Amino acid sequence: MTNSRQDAVRFSGLSRNIAILGLVFAVALAVLLWRLKRLIDSGGGPFAQGDWLINLESGVVRRGILGDLFLRVSDATGIGLLQLVGTVQAVLIVSVVCSIFYAALLARLPDRLLLILVSPLLVTFWVIDTVGAFRKELLGFLAFLPLLLPRGTGAAWLVPGLFAVAVAGHEGNAFFAPALCVAVMARFPKQGEAWRRLALNASILAVAAVGFAFAIMVRTVPDTTAMCAALTVRGLPPEICAGAIDWMDDPPGAARASFHNLLTRYSQSGAVLAFAALLAPVFIAFRHAPRSAIWLASGAVVFAGFLPLYVFAVDWGRWMSMLMFSVAFITMILAIQTEAGWLRRPVPPALFLPVLVLAGSLGVYHYGGLPVPGFVPVLADIAARKLFGVGLLP
């Protein structure tokens with residue numbers, strides 16, 4: 001094959017991949033913003049917005065700093081509390097989705113990266129499972145974004161600060177620390193950049209340790225009456241307190257009880273099989289990577305970093321999503337910062353198409369990571385409800 005023909009084939013593949021990713025992200029973003037507006041207009045969700053409004057009115061408690069900030073800004077500006085939270089969520093979602101798309105363009109979007117980015121554990125996860133959307137891991141994703149920018153911007157030094165905001169907002173974001181450290185290693189691979197790697201990773205690990213220790217020390221408050229009253233007095237419905245806020249006065253054994261309930265009531269085989277199937281794009285992407293032992297070890301570190309979350313809380317689908325987002329960011333950094341010829345090998349159609357179909361048809365539920373209908377069936381259900389008033393899914 002001549003060079004001109006090879007270039008034409010590569011351009012054709014790039015155009016196809018950009019069209020696929022652009023369509024998926026545009027539709028997903030439109031659905032997400034539409035759902036977010038409906039949720040805000042209906043009084044907010046007890047988890048989707050309630051978690052962001054945990055505050056310090058009942059005493060110092062984990063996650064309360066961010067909620068208190070929302071109260072103060074709302075009072076100072078006159079902006080409605082729910083509208084303020086919804087606006088911040090919308091900005092974060094648009095920022096994350098658009099940054100990933102921009103980074104994919106910088107990476108020249110090879111087949112193997114595309115299959116990761118259209119995974120139902122990434123952006124479309126929020127469309128597939130509404131309850132799993134609009135959560136505080138958005139802040140954790142934000143910490144990766146400076147590492148996607150081209151060299152020479154100095155933006156990487158924003159990572160520890162953004163990560164500190166994420167951990168202050170939700171202690172679960174502390175478990176991004178191993179993935180962020182691997183991302184820093186990928187961003188600064190050269191021998192002469194060792195001091196940057198050391199400084200950034202030390203800062204990341206320190207933030208994670210301090211933030212998680214603080215969350216353990218102030219895990220709960222005696223009751224959440226004052227915390228909830230701070231919201232209802234500002235016009236929010238009492239139902240906003242019936243989710244994440246109610247958890248703030250639960251005894252330490254409550255999470256273990258929920259974990260035990262999940263294990264006894266549901267089979268985990270479906271979740272494990274679905275997770276394994278949805279990790280296929282990762283194995284495809286890194287199959288031909290050089291220094292495979294290093295990448296296997298790095299992958300094990302990233303995977304192990306999220307394992308404690310599966311015991312602490314039962315939102316297994318969200319933890320799966322956090323892992324896939326981390327892998328996606330690391331893969332994009334490698335594609336942007338290095339030639340990564342192994343990542344640019346085209347995927348044969350006999351493999352590309354089935355994995356793409358799997359990405360569109362299978363999803364996971366935030367509770368227990370149970371398999372559910374995926375992005376395309378959910379979109380078909382939305383269209384049927386709009387056009388005919390009857391959905392296709394239960």
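The values are calculated or read from the model by the stated rules, or taken from the named source; none is laboratory data. Predicted model, so just to flag it, every value in this text is computed and none were measured. Heads up, the Cβs are rebuilt from the backbone with ideal geometry, glycines too, and the neighbour counts pull from every protein chain shown. The protein model used for the area step is the full one, side chains on, heavy atoms only, and it has no ligands, DNA or RNA in it. Shrake-Rupley method; radii C 1.70, N 1.55, O 1.52, S 1.80 Å.
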Rounded to the nearest 10, the angle in degrees between the Cα long axis of helix 269-278 and the longest principal axis of the Cα atoms of the chain comes to 50 degrees
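Can you send over the carbon and sulfur percentage of the accessible area for the stretch 289-394, probe radius 1.4 Å, protein chains only? Don't skip to the end; give the middle numbers.
Details: 3670 of 4840 Å².
Of all accessible area on the stretch 289-394, carbon and sulfur atoms account for 76 percent.
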In whole percent, the Cα-Cα distances of the chain spread across 20 Å bins from 0 upward as 27, 58, 15, 1
Cross-link reach from LYS386 to lysines, straight Cα distance under 28 Å and at least 8 residues apart if same chain, gives LYS37
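If the stretch 87-243 were replaced by its equivalent ellipsoid, with semi-axes equal to the square roots of 5 times the Cα gyration tensor eigenvalues, what would those be, largest first, whole Å? Walk me through the intermediate numbers first.
Values: eigenvalues 204, 97, 31 Å².
Gyration-tensor ellipsoid for the stretch 87-243: 32, 22, 12 Å.
Go through the stretch 148-228 and name the trypsin sites (Lys or Arg not before Pro) that are in a DSSP coil and have 13 or fewer other Cβ atoms within 10 Å of their Cβ. Walk me through the numbers before you get to the answer.
Numbers: sites: ARG151, ARG187, LYS190, ARG196, ARG197, ARG219; in loops: ARG151, LYS190, ARG219.
Passing sites in the stretch 148-228 are ARG151, LYS190.
What is the gain in length, in nm to one decimal, between ARG196 and ILE294 on full extension, counting 0.36 nm per residue of separation less the C-alpha to C-alpha distance? Please report the intermediate quantities before stating the final value.
On the way: separation 98, 0.36 × 98 = 35.28 nm, distance 1.99 nm.
Extending this stretch completely gives an extra 33.3 nm.
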In the stretch 168-220, the chymotrypsin sites (Phe, Trp or Tyr not before Pro) that sit in a DSSP loop and have at most 13 other Cβ atoms within 10 Å of their own Cβ are none
Under the Karplus relation with 6.51, -1.76 and 1.60 and θ = phi - 60°, whole-Hz ³J(HN,Hα) for the stretch 50-63, x at Gly and Pro, equal x, 5, 6, 10, 4, 10, 9, 5, 9, x, 5, 8, 3, 6
Isolated cysteines for the chain, Cβ-Cβ cutoff 4.7 Å, are CYS98, CYS181
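Counting only protein heavy atoms and a 1.4 Å probe, tell me what percentage of the stretch 82-193's accessible area is made up of carbon and sulfur. Walk me through the intermediate numbers first.
Values: 2170 of 3080 Å².
With neighbouring chains kept in place, the figure for the stretch 82-193 is 70 percent.
With a probe of 1.4 Å, find how much accessible area the chain has per residue, and write the answer as a whole number in Å².
Values: 17110 Å² over 394 residues.
That works out to 43 Å² per residue.
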So, relative contact order of the chain in percent, Cα under 8 Å, 6 or more apart, is 24 percent
Residues whose modelled amide H sits under 5 Å from the amide H of VAL372, counting only those 5 or more places away in sequence or on another chain, are GLY363, VAL364, TYR365
With only helices counted (DSSP H, runs n ≥ 4, each -39500 (n - 2.57)), the per-residue ellipticity at 222 nm for the chain, to the nearest 500, works out to -20500 deg cm²/dmol
Sparse-neighbourhood loop hits (chymotrypsin sites (Phe, Trp or Tyr not before Pro), the stretch 56-109; DSSP loop; Cβ within 10 Å at most 13 others) -> none
Distance in Å, no decimals, from the C-alpha centre of the stretch 226-243 to the one of the stretch 306-344 is 35 Å
Reduced to Cα centres, the span from the stretch 57-77 to the stretch 153-208 in Å works out to 26 Å
Candidates SER203, SER12, SER361; GNM for the chain (alpha-carbon contacts under 10 Å) flags as most fluctuating SER12
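Would you mind working out the magnitude of the charge dipole of the chain relative to its Cα centre, with +1 at each Lys and Arg C-beta and -1 at each Asp and Glu C-beta, to the nearest 20 Debye? Numbers along the way, then the final one.
Numbers: 29 positive and 19 negative charges, 275 e Å.
The dipole of the chain has a size of about 1320 debye.
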